[in-house]
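**Student:** Quick one: the structure is below, questions incoming.
Since every read-out is calculated from the coordinates, none of them should be taken as a lab result. In this text the structure is predicted, and so the values were computed from the model without any measurement. Please note: Cβ atoms are built from the backbone with ideal geometry, for glycine as well, and neighbour counts cover all protein chains shown.
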């Protein structure tokens, strides 16, 4: 980890949509000094946190957005990932999953419902991720 007295400023956002309806947004922040990136999630229908929380991820990890898509909703959150990392996720239904991040930053296993995907933050800054169920099932 870089030892830096961070001076963090807003850098970008990543919108997560379900069939063109906003489900949540990841605010992307960057340190002016060391250029380290931080992410903070805001999900539609959930109250805002009283403070912005900047989680730290390892220097060898990338920020990603994990989406959990059903026909009715998309749940999303940001996390640090790298190839080979095991990612545990509990769907809103209570169903538990463990995935392994592949070299191309996809998830193994990839089949099943809900549909789980990873999107790298750096590739989606100031863009919309369309994670709607019908959009994803038609791509397959």
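**Student:** Debye calculation, C-alpha points only, no solvent: report log10 I(q)/I(0) for segment 8-139 at q = 0.09, 0.11 Å⁻¹, in the same order as the q values.
**Tutor:** Rounded to two decimals, the profile gives -0.25, -0.38.
**Student:** Normalised by the number of residues in the chain, what is the relative contact order in percent for Cα pairs under 8 Å and 6+ residues apart?
**Tutor:** Reported as a whole number, the value is 26 percent.
**Student:** Can I ask one more? Calculate, for residue 128 and residue 77, the FRET efficiency according to 1/(1 + (r/R0)^6) with r their C-beta to C-beta distance and R0 22 Å; round to the nearest 0.05.
**Tutor:** 0.85
**Student:** Here's another thing I want to ask about it. On full extension of the chain, what length is gained from residue 97 through residue 4, given 0.36 nm per residue of separation minus the C-alpha to C-alpha distance?
**Tutor:** Numbers: separation 93, 0.36 × 93 = 33.48 nm, distance 3.55 nm.
Extra length from residue 97 to residue 4 when fully extended: 29.9 nm.
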